[in-house]
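Right, one structure below, let's go through it.
Nothing in this text is a laboratory measurement; each read-out follows from the coordinates by a stated rule. Remember, predicted model here, so these are calculated numbers, not experimental data. Don't worry about glycine lacking a Cβ; one is built from the backbone with ideal geometry, like all the others, and counts go over all protein chains shown.
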Amino acid sequence: MKIVKFGGSSLATGEQVEKVFNIVTSDPERKIVVVSAPGKRHAEDTKVTDLLIDCAKTYLQFGEGKSSFDAVVERYALIARELGLPDKITKKIHDDLLASLNGDKRHPQKYLDAVKASGEDNNAKLITAYFKLRGIEAYYVNPKDAGLIVSDEPGNAQCLPESYEALFELRNRPGVLIFPGFFGYNKEGEVVTFSRSGSDITGSILANGTKADLYENFTDVDAVYSVNPTMVQNPKELRELTYREMRELSYAGFSVFHDEALMPAFRAGIPVNIKNTNYPSKPGTRIVNERENTNGPVIGIASDNGFCSIYVSKYLLNREIGFGRRLLHIIEDFGLSFEHMPSGIDDISIILRQDQMDLAQEENIIKRIKQELQADNVKIEHNLAIIMVVGEGMRRNVGTAARASNALAREGINLEMINQGSSEVSMMFGVKEVDENRAVQALYEEFFVGVPV
Ligand SMILES: Nc1ncnc2c1ncn2[C@@H]1O[C@H](COP(=O)(O)OP(=O)(O)O)[C@@H](O)[C@H]1O
Ligand SMILES: N[C@@H](CC(=O)OP(=O)(O)O)C(=O)O
């Protein structure tokens, strides 16, 4: 039995939904279908989830918001018309969305989650109706009825362990099950969403819970490429990646698969196959426990920007017991999460996403570090990009860091910092944001051009 997940790009139009129908019905093993909300039809388009967020915010502020509401309903109406579904489907979606928007606004984050989740929920109902129209025994499954219970963290839920056992029962249900992605219910029975792109997580949870043989994740690219295809033309396609490599790469910028979607499948030993809805016969990329090491040390290069570094220096810092703990305590007091913490004898840097703090908070952080830790110098450097070079082969290879830094040096790119991940399958390079693209391209040249993968 297989779990199949279709992302927003695979469900953006009636034509795409028809491809989804053909893929699902071509293989009787494809029993549980996880769907996202309709995504972008072209690069400048807006995802339904983003329209819903806009809509919810307008309702929160003004108590209504006709234009964004109409924009959402029109997306479904268009798809329903293309699929030849009766108008009553659109009317139901209209009424359901209106009910969500007029729902309880006392807790804005919970309200936002309820409206966001309606995107997937209504799409699952629409797709179920289409499967039925085409003569397939299909059922919409509500995550609460199926037992998908999550933590009460709006916009950032985690699956609670008891869900897995309950979800196993789905195997015994008849027909094709259409399951909305992206959300579950907390113990109080309220909707809570995963973080953005979280339908990937739903698919993985279902794969684990039902002990599926395979988790197929359908998207709009033929494979996971060794580098973001918007940064390098025709990058190498990867046939296989390990869970660990994929988690590192997705966390660091490979948006094709959510980094939190690896663990549930990995724990149950279920392989993940990322495939293209538009070319389903292509093999795609398999994420597995172990892979044949067919390339050099590196399998992928991911990057992301919007980071800053809090640099702290103090003479003889290395001899001061508890310095790191006290520094992190200050960061924790401000409710910040950090990504990396490279350190030297007399200095230490904390790398974090800069959109977590405003200018006033930055000034307060600097003040507290200076006062409480008697630091000699504290400064915050903005607009950094982080590049992760990832590969299981790095554990066995000597000189990968030297090759990477030479490649960057040849391009005249100044390295702000380097950090070798303790997992030994990743290496982090910090550069200025303006150098990000050139740095990724230089590293790609070094590790992939002319190397068979
Ligand atoms: N290394 C990579 N390999 C493949 N795709 C990538 C990579 N890095 C980023 N992407 C982007 O991920 C996109 C697919 O993810 P996403 O837009 O979330 O799809 P979906 O709508 O199926 O959820 C691709 O169109 C591609 O632009
Ligand atoms: N629709 C949600 C969840 C999701 O997974 O979407 P997609 O499969 O289009 O990335 C979002 O945009 O965040």
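Which Rg and Dmax, in Å, describe the Cα atoms of the range 37-167?
Rg then Dmax for the range 37-167, in Å: 15.7, 44.
Of all DSSP beta bridges located in the chain, what percent are antiparallel, nearest 5?
Counting DSSP beta bridges with both partners in the chain, the antiparallel share is about 60 percent.
Over the chain, with a single point scatterer placed on each C-alpha, what log10 of the ratio I(q)/I(0) does the Debye formula yield at q = 0.07, 0.09 1/Å?
Values, matching the q order: -0.40, -0.66.
Using packing as a proxy for protection, rank 256-265, 339-348 so that the peptide with the highest average count of other Cβ atoms within 10 Å comes first.
Ranking, from highest mean packing down: 256-265, 339-348.
Among the listed pairs 314/379; 125/275; 19/144; 40/432, which have their C-alpha atoms separated by more than 20 angstrom in this model?
125/275; 19/144; 40/432
Show me, for the range 365-379, the HN-Hα J-couplings you get by feeding each phi into the Karplus relation (A = 6.51, B = -1.76, C = 1.60, θ = phi - 60°), rounded to Hz, glycine and proline as x.
Calculated HN-Hα couplings, in order: 5, 4, 4, 5, 5, 5, 5, 7, 10, 6, 6, 6, 8, 9, 9 Hz.
With the convex hull built on the Cα atoms of the range 300-447, state its orientation-averaged projected area in nm². Each step should come with its number before you reach the end.
Details: hull surface 36.8 nm².
Answer in nm², one decimal: 9.2.
If you find the alpha carbon centre of the range 50-87 and of the range 333-410, how far apart are they in angstrom?
So the separation of the two Cα centres works out to 41 Å.
Order of 55, 308 from fewest to most other C-beta atoms within 10 Å?
Fewest to most other Cβ atoms nearby, the residues stand as 308, 55.
Once phi is turned into ³J(HN,Hα) by the Karplus curve 6.51 cos²θ - 1.76 cosθ + 1.60 with θ = phi - 60°, what whole-Hz value does each residue of the range 434-444 show in order, with x for glycine and proline?
Residue by residue, the range 434-444 yields 5, 9, 4, 4, 5, 5, 4, 5, 5, 5, 4 Hz.
How much net charge surrounds residue 174 when only other residues with a Cβ under 14 Å from its Cβ are counted (Lys, Arg +1; Asp, Glu -1)? Each step should come with its number before you reach the end.
On the way: positive: 31, 132, 171, 173; negative: 137, 169.
Residues close to residue 174 contribute a combined charge of +2.
Below 9 angstrom from the Cβ of residue 266, what's the summed charge of the other residues (Lys, Arg +1; Asp, Glu -1)?
+3
Among 439, 318, 278, whose Cα sits farthest toward the positive end of the charge dipole of the chain (+1 at Cβ of Lys/Arg, -1 at Cβ of Asp/Glu, about the Cα centre)?
About the Cα centre, the residue reaching furthest to the positive side is 278.
Using only Cα atoms, find the angle between the long axis of helix 400-410 and the longest principal axis of the chain, and express it within 0 to 90 degrees, rounded to the nearest 10.
On a 0 to 90 degree scale, this one is about 80.
Give the calculated FRET efficiency between residue 321 and residue 1 to the nearest 0.05, with a Förster radius of 51 Å applied to their Cβ-Cβ distance. Before the final figure, lay out the partial values.
Details: r = 54 Å, r/R0 = 1.07.
Calculated transfer efficiency: 0.40.
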